[in-house]
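A quick write-up on the structure given underneath.
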Amino acid sequence: MMHNMQHQYVERDTARLCTEMLCSDTFIQFLYSEPVREKAAWLFRLFTCHRLSSQLLALLSFDLPFGAKRFGIVRFLQSRGINFHECVDPDITTKTARAIFERQIRYWECRPMPQTPGTVAAPADARLVLGSLQQQSHFFIKGKFFAYEELLGEHQQRWLQAFAGGDVVICRLTPEKYHYTHCPVSGIVRDIYDLPGAYHSCHPVATLALATPLSKNRRVVTIIDTDVAYGTGVGLVAMIEVVALMVGNITQCYSEVKYKQPQQILPGMFLKIGQPKSVFRPGSSTVVLLLQAGRVQFAEDLLHNQTGPGLSVFSQGFHMPLVETEVRVRSYIATQSRLTS
């Protein structure tokens, strides 16, 4: 376990190296310490393995005024510089911590999206790392953040074969972020399914302490076929939405226009890039994208940032350069490979 270590990331808009103010750092350090996990396993399981406990913690922290004040949630959110002028609800600052967490924004104005065909967009406001499932790749991360077969489901042989040796995008949403996810591509939903699991924290320290946490948590997998009429044309894309500590629910709520007439996502539905897809309720959480081998080229600045200077918990823990970049939802992260365009 790494104590009191700085975790830095690159702010994409300014190329500035920033130090993250880790939320609940002391609590996470304690909960994921070896003494607790080994000698007080009941306490560890209580917080991370039961939906009821996760929801109760969320209730205390986000819904009850005394709880939000006691745990410092509102103060923390306000200290992280949320731009409340982006919000659809002009009175959001007077609402509960949960309402602030689940806020809607005028993304059509404040989160512009590239219009270039073949673009893959960021699925969330998040801190992002890129990876590969090919062992010879410099960005090989298989077995670090997740176990591949667990992540997609060991019984999902069709999709396991489709994404073997492909590329990976890991988007970590910190608690102050806008917590709607948006479609990273345009295409037809070929499959959507839930996989059961725990409610481990997505905190960097927890990621290192617990092997492959992203494939151990409850998650929703959506398979999108982009090689269709009006699709992005980058093959199959798996969008995997992962719950975390205090995130007991992922609500699918696709809207083709702003946030109007939200729909449950079903196989056969066409999803349009950049539109709202789901909302996490609430806490910190992660979105993983799997892309088929050779179908996309990642943005050069993201690749450069990841191997640049920075005191990253991931870099030291996994012994490879893994510096996150903070990206905005709907921004460009990859484009159709020239070999397949």
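Tally Lys/Arg at +1 and Asp/Glu at -1 over every other residue whose Cβ is under 12 Å from the Cβ of Leu266; what's the total?
0
Each label point is 7 Å from the Cα along the Cα-to-Cβ direction; what then is the distance between the points at Phe140 and Leu160, in nm?
With each label point 7 Å from Cα toward Cβ, the separation is 2.0 nm.
Within the set of other residues whose C-beta is less than 15 Å from the C-beta of Ile223, count the net charge using Lys and Arg as +1 and Asp and Glu as -1.
Residues near Ile223 contribute 0 overall.
Quick check: the distance between the Cα centres of the stretch 316-337 and the stretch 112-179, to the nearest angstrom?
10 Å
Using 0.36 nm times the number of residues separating Glu300 and Gln261, minus their current alpha carbon distance, what extension gain do you get?
10.4 nm
What are the semi-axes of the equivalent ellipsoid of the stretch 234-341, taken as the square roots of 5 times the eigenvalues of the Cα gyration tensor, listed largest first and rounded to whole Å?
Semi-axis lengths for the stretch 234-341 are 28, 21, 12 Å.
Please report, as a whole percent, how much of the solvent-accessible surface of the stretch 99-185 comes from carbon and sulfur atoms (probe radius 1.4 Å).
47 percent
If you plug each phi of the stretch 173-190 into the Karplus form 6.51 cos²θ - 1.76 cosθ + 1.60 with θ = phi - 60°, what whole-Hz ³J(HN,Hα) values come out, in order, with x for Gly and Pro?
Once rounded to whole Hz, the list reads 8, 7, x, 7, 6, 4, 10, 7, 9, 10, 5, x, 8, 9, x, 9, 6, 8.
Give the peptides 173-180, 83-90, 190-197, 317-324 in descending order of average Cβ contacts within 10 Å, highest first.
Answer by packing, highest mean first, reads 173-180, 317-324, 190-197, 83-90.
Put a dot 7 Å past each Cα toward the Cβ at Phe84 and Arg338; how far apart are the dots in nm?
The answer from the label model is 4.9 nm.
How far apart, in nm, are the 7 Å Cα→Cβ label points at Lys95 and Arg16?
It works out to 2.8 nm between the two label points.
From the phi angles alone, apply the Karplus equation (6.51, -1.76, 1.60; θ = phi - 60°) to the stretch 262-277 and give each ³J(HN,Hα) in whole Hz, x where the residue is Gly or Pro.
3J(HN,Hα) across the stretch 262-277, in whole Hz: x, 10, 5, 7, 10, x, x, 6, 8, 9, 9, 3, x, 8, x, 10.
The values are calculated or read from the model by the stated rules, or taken from the named source; none is laboratory data. All values derive from a computational prediction rather than experimental measurement. Here Cβ is always computed from backbone atoms with ideal geometry, including for glycine, and neighbour counts include all displayed protein chains. Quick note on the areas: whole protein, heavy atoms, side chains included, nothing else; ligands and nucleic acids left out. Shrake-Rupley method; radii C 1.70, N 1.55, O 1.52, S 1.80 Å.
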